[in-house]
Amino acid sequence: MMNQLHACYTAVRKHTLALTEPLSDEDCGAQSMPDASPIKWHLAHTTWFFETFILERMEHGFKPFHPAFRILFNSYYNGIGEKHPRAQRGLLTRPAMVEVRAYRADVDARIGRLLASELPAAQRNELATLLTLGMQHEQQHQELMLTDVKHLLAQSLLRPAYLEAPLPPAAAAAPLEWLRCEGGVIEIGHDGEGFCFDNELPRHKQYVAPFALASRLVTNGEYLAFIEAGGYANAALWLAEGWDWIRTNGLQAPIYWFRDEQGAWQEFTLHGAQPLDLNRPLTHISLYEADAYAHWAGARLPTEAEWECAATSSSSSAQMFGHCWQWTSSSYSPYPGFAAAEGALGEYNGKFMLNQYVLRGSSSATPEGHARASYRNFFPAGARWQFTGIRLAR
Ligand SMILES: [Fe+2]
């Protein structure tokens, strides 16, 4: 089992570094806004997670790679102690990338030695559990690295492409159909084998009235029709907070849409600026925009129970995974009987269960094998830099 774990660990760690290959050291150091982190910080923080939660507890004669890293690369764990301020991560010109790479290599070697060492069964199980959590955590950061670097590159008028190859045009969108679900008393939450985060537990019953879910995601073309129909100027479509938000920020389109000199819509993507592809699923919108669009389309957003019910019962894939995270109308709150882990790791999910909304599915930036039907992603209603889109319900 330990060999297999080590192989998984190595693959995850390698993939993170592979994501930095198209980037310069300058790209890796900058922070485009407080919500986004520099790539260098992601590289160090994911390493810090293994060093702090595994090596510090389990390594014989533990000595930190650098004592200040405990503070510099702590994201939000008050149980660990002080933290470098989130909005000032871009000011960390030191340590340099070369030192962060050395930090990664050092922790990787020490994790390897720990895995190869003789451990009592209880410690071996604890190591396996923590290592698995650390790998899942790193995969979450792999997605954040792509969303954060996209936001960063979008700040330059050069509109640099992260990926050289152009984005191939999407296939014509299928006509939207309504998948009917009977509802009733259903069960949601993680079921059975394999890893899940604590916020997916416990599995429990919920009553869901009969509903219908759209057979695919809303496309750029459909959202453009909403814009052209004056969607951003019609207060009647918007939640009060959403209306204030678009007015205050002067918003009239999704975050990465812009018009070229001829007035044609373009979209900034990881492949650089592209003509807006009307068939592609819409992405990078806030919950406010998703809700206003649904209102305009005579529909609504699904609840997370409806989404999970449809994802587990329907045979059709219906773009549930792999395109963009789908906003639900469900507040991110604990399932009945939710219990956070003890100690600092209990801060992983539970303490964020206020003023955020659940997103379901996965996106084009989600690493292979990381998604599942019970997965609960969450962001505040105004977040737009993640790969977020719209699935309608009624
Ligand atoms: Fe993290």
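Bear in mind these aren't lab numbers, they're just calculated from the coordinates by the rules spelled out. Everything numeric here is computed off the predicted structure, so don't read it as measured data. Because the Cβ atoms are built from the backbone with ideal geometry, glycine has one as well, and the counts that use them run over all protein chains shown.
See the values below:
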| item | result |
| --- | --- |
| Added length on full extension, which subtracts the Cα-Cα distance from 0.36 nm per residue, residue 351 to residue 11 | 119.4 nm |
| Shape of the chain, Cα gyration tensor, a/c cut at 1.5 | oblate |
| Spin-label pair residue 187/residue 174, simplified geometry with 7 Å Cα→Cβ offset, distance in nm | 2.9 nm |
| Cleavage-rule hits, chymotrypsin sites (Phe, Trp or Tyr not before Pro), region 71-168, DSSP coil, Cβ neighbours within 10 Å at most 13 | 76 |
| Spin-label pair residue 261/residue 249, simplified geometry with 7 Å Cα→Cβ offset, distance in nm | 3.0 nm |
| Gap separating the Cα centres of region 283-306 and region 72-125, nearest whole Å | 38 Å |
| Longest exposed-site-free window of the chain, the sites being GluC sites (Glu not before Pro) in a DSSP loop that have at most 14 other C-beta atoms within 10 Å | 1-81 |
| Equivalent ellipsoid, region 44-178 (semi-axes from 5 times Cα gyration tensor eigenvalues, Å) | 35, 22, 15 |
| Estimated FRET transfer efficiency when R0 is 41 angstrom, pair residue 209-residue 339 (beta carbons, to 0.05) | 0.90 |
| Footprinting exposure proxy for 17, 354 (fewest neighbouring C-beta atoms within 10 Å first) | 354, 17 |
| For 364, 330, 156, order by how many other beta-carbon atoms lie within 10 Å, fewest first | 156, 364, 330 |
| Bridge type composition, region 178-389 - antiparallel percent by DSSP, nearest 5 | 90 percent |
| Among 133, 301, 115: highest mean-square fluctuation, GNM of the chain, C-alpha pairs under 10 Å | 115 |
| For region 206-344, Kirkwood radius (reciprocal of mean inverse C-alpha pair distance, Å) | 17.1 Å |
